[in-house]
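Following: one structure in structure tokens, then a few remarks.
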Amino acid sequence: MSNVHLVDHPLVQHKLTLMRRKDASTNSFRRLLNELSMLMAYEVTRDMPMQDIEIETPLETMTSRVIDGKKLVLVSILRAGNGILEGMLSVVPGARVGHIGLYRDPKTLTAVEYYFKMPGEMQDRDIIVVDPMLATGNSAVAAVERLKELAPKSIKFVCLLACPEGIKTLQTAHPDVPIYTAAIDRELNSHGYILPGLGDAGDRIFGTK
Ligand SMILES: O=P(O)(O)OC[C@H]1O[C@H](OP(=O)(O)OP(=O)(O)O)[C@H](O)[C@@H]1O
Ligand SMILES: O=c1cc[nH]c(=O)[nH]1
């Protein structure tokens, strides 16, 4: 699977295991997701462009590196993407934020858009799309398709759990979009849920079931 980055750091794997457990409370699920998202942010921003600037330390002048270019955009696929957004923003506090509201039609499993709001000057920006689950891949494909209309510099996709079906769908539609995930699970069930998975991410983050 080219262009798929499996983030197998022990801290990521440990936290993910705790989140998967069905007896994890809403409180601990959300806290773990927040911590895990900071670690994912660290991986996905590894190749951000840098520039040299001159600064004054208390002792002398030096040349040192800072992040270059226009502010990165984190795009959250509502609503579960917001669970990742918070952790990522604590690592990249200057990032701009976009939201795409999508829900899966429970019968057809196709993605239905209900909201779209992005920062300006998207053509000059790198985008990281966040959503905990890459299941059928329909939501991710729809989100990336919509974002490509704005001709951004680059798009990456970050999730916690992916499965072979979702990876194939996203890579077939958008081979240029790298996928960062903490795990690739076995398969989808007939209702489009990832197995073994962690259940419904939105419900577990927001305590809606
Ligand atoms: O790869 P897919 O098959 O499209 O499934 C993944 C989508 O399913 C979940 O959202 P859901 O539609 O349940 O909405 P929610 O986040 O509002 O709960 C999840 O957060 C993804 O957005
Ligand atoms: O397993 C799954 C699949 C899609 N969305 C979820 O929240 N969980």
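Data table
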quantity	calculated
All positions within segment 45-78 that are open to solvent by 80 Å² or more (accessible area, probe 1.4 Å), in a loop (DSSP other than H, G, I, E, B) and modelled with pLDDT of 95 or more	Pro58, Leu59, Glu60
Residue in segment 35-52 that is over 12 Å from the mean Cα position of the chain (by Cα) and closer than 30 Å to Lys209 by Cα present	yes
Conditions (1) closer than 21 Å to Ser28 by Cα; (2) among the acidic types (Asp, Glu); (3) more than 8 Å from ligand 2 (Cβ to nearest atom): number failed by Glu165	(1)
Test: residue in segment 75-96 that is free of Cβ contacts under 8 Å to residues at least 12 places away in the same chain and within 23 Å of His174 (Cα to Cα)	no
Matching residues, segment 14-44, being of a type outside the set (A, V, I, L, M, F, W, C), in a helix (DSSP H, G or I), farther than 16 Å from Ser90 by Cα and open to solvent by 60 Å² or more (accessible area, probe 1.4 Å)	His14, Thr17, Arg20, Asn27
Flag if Pro106 is exposed (fewer than 14 other Cβ atoms within 10 Å of the Cβ) and within 9 Å of ligand 1 (Cβ to nearest atom)	yes
Qualifying residue in segment 17-32 (condition: at negative phi, touching a strand residue (DSSP E or B) at 6+ places or on another chain (Cβ under 9 Å) and among the polar types (S, T, N, Q))	no
Residue match in segment 79-96 (condition: within 16 Å of ligand 1 (Cβ to nearest atom) and assigned to a strand (DSSP E or B))	no
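The values are calculated or read from the model by the stated rules, or taken from the named source; none is laboratory data. Keep in mind that what you see is a predicted model, and the values were worked out from it rather than measured. Here the Cβ is made from the backbone with ideal geometry for all residues, glycine too, and neighbour counts use every protein chain on show. The protein model used for the area step is the full one, side chains on, heavy atoms only, and it has no ligands, DNA or RNA in it. Shrake-Rupley method; radii C 1.70, N 1.55, O 1.52, S 1.80 Å.
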